[in-house]
């Protein structure tokens, strides 16, 4: 059993004060106008662009530390910021400002025979604690989305991205100040001490309403095991792409290459390729060759090994491994039934895709695969809130309570019931 983590009294007091200030800010944000929140986001986007040199310099420190620690290149890619990624980050914040404000939206309304009128109205969640690793862009995405939904955010980035996250956070605070909103609306935990995570998971004395973890398996497992507040989480992104006998082979090659190799370290990257055993003979060799030639290691079953001598034998563990690297497992399956059986056994209910020109087969796949995102004739790497039109995301939730799929602005809200009468009393 792990010993409880402890922190010094001063740091503990600072964390509790962080929670108190966030709770006060959440109340003010719940009453803030859409214009004020949008002005803060637009100003934050401008501040991010203006801070590009400082962000790049801070990111160099993080990258150098990661390389010195022997981190793999897939990890470095998740950590790396360059001008294009910073511009995309700023664009994402600005896009969130353009989204419709969800707060106050009437989701449903009705009237009872006694004359009482009911409305279900969208409201903020309150204070959201976001715990994440390696990706400094999450600082901007999470802070901006929480703000748009009227929530205060407490951000705890990983020590790997601490320098980058601090500069990005400063730009978000500049946006808040420009719009006259409380700076504590987006707070960054000031210490890399792991005990700070433990305090957040227990709710910081009742000031945190929900936790969103975004990171590796060990982080998410810890959050799910220790949290005393609700959690939006996905454990792993073990994504599959199934190429059906009725697929267009050229399309399948393009999709599989993109799904695996566009960015190997993202949670929407395909980790397992399934190919219909009844597909034309050229399918498996062509797909495997394309992956190998692109620099991807392929680990396969007997049929996959026969397709190309460069394929390595797959072990049982490969079918349940999220590589987050230029490695893919591949095997033949007995048509749609075999694909569905394999996915049901190994999927983490994140994102799974089918490539086929048969509409009935595609419909069955999308109906029967029990994942948060089910894709037809497109890359699994579209598992991203920005690609869904959400402006960004805090993460991909694979659970079924409250939020599922990309966690965007609407998923960061709850609702309350507003009841309107004209003197009604309930009979005895």
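Using a cut-off of under 17 Å, list every residue of the stretch 192-222 whose amide N is near the label point 7 Å from the Cα of residue 68 along the Cα-to-beta-carbon line.
Under 17 Å, as judged by backbone N against the label point of residue 68, lie 192 of the stretch 192-222.
Need the full-extension length gain, residue 401 to residue 88, defined as separation in residues times 0.36 nm minus the C-alpha distance. One decimal, nm.
Gain on stretching residue 401 to residue 88: 109.6 nm.
Take 181, 238, 48, 145 and order them by how many other Cβ atoms sit within 10 Å, fewest up front.
Exposure proxy ranking, most exposed first: 181, 238, 48, 145.
Which shape class, rounded, prolate or oblate, goes with the stretch 239-382 when its Cα gyration tensor gives a ≥ b ≥ c as root eigenvalues, a/c under 1.5 marks rounded, and past that a/b bigger than b/c marks prolate?
Since a/c stays below 1.5, the shape of the stretch 239-382 is classed as rounded.
Order these peptides, 331-339, 314-322, 348-356, by their mean beta-carbon neighbour count within 10 angstrom, highest first.
348-356, 331-339, 314-322
May I ask you to list the residues of the stretch 369-401 whose amide nitrogen lies under 18 Å from a point 7 Å from Cα along the Cα→beta-carbon direction of residue 254?
Under cut-off, by backbone N: 375-383.
Comparing 90, 341, 66, which has the greatest mean-square fluctuation in the GNM of the chain with Cα pairs linked when under 10 Å apart?
Most flexible of the set in this elastic network: 341.
For 323, 242, 346, what's the fewest-to-most ordering of other Cβ within 10 Å of each Cβ?
346, 323, 242
Roughly how many Å is it from the Cα centre of the stretch 389-428 to that of the stretch 217-245, as a whole number?
Each part's Cα centre sits 22 Å from the other's.
Set the Förster distance to 41 Å, then compute FRET efficiency between residue 170 and residue 334 from the Cβ-Cβ distance, nearest 0.05.
0.15
I'd like the distance separating the alpha-carbon centroids of the stretch 311-344 and the stretch 34-56, in whole Å.
If we compute the Cα centre of each part, the gap is 43 Å.
Give me the percent of DSSP beta bridges within the chain that run antiparallel, rounded to the nearest 5.
30 percent
When the chain is treated as a GNM, springs tying every alpha-carbon pair under 10 Å, which of 91, 301, 293 comes out with the largest mean-square fluctuation?
The residue with the greatest mean-square fluctuation here is 293.
Normalised by the number of residues in the stretch 278-386, what is the relative contact order in percent for Cα pairs under 8 Å and 6+ residues apart?
20 percent
Would you kindly state how much longer the chain becomes between residue 12 and residue 27 on full extension, computed as 0.36 nm times their sequence separation minus their alpha carbon distance, in nm to one decimal?
3.1 nm
Stretch residue 320-residue 414 to full length: gain in nm at 0.36 nm per residue minus the Cα-Cα span?
Separation in residues times 0.36 nm, less the Cα-Cα distance, equals 30.4 nm.
Can you give me the Cα centroid spacing of the stretch 6-26 and the stretch 85-157 in angstrom?
23 Å
Label points 7 Å out from Cα along the Cβ direction at residue 224 and residue 159: separation in nm?
2.6 nm
No lab work stands behind these numbers, since they all come straight from the coordinates. Being a predicted model, the structure only gives us computed values, none of them experimental. We place every Cβ from the backbone using ideal geometry, glycine too, and count neighbours over all the protein chains shown.
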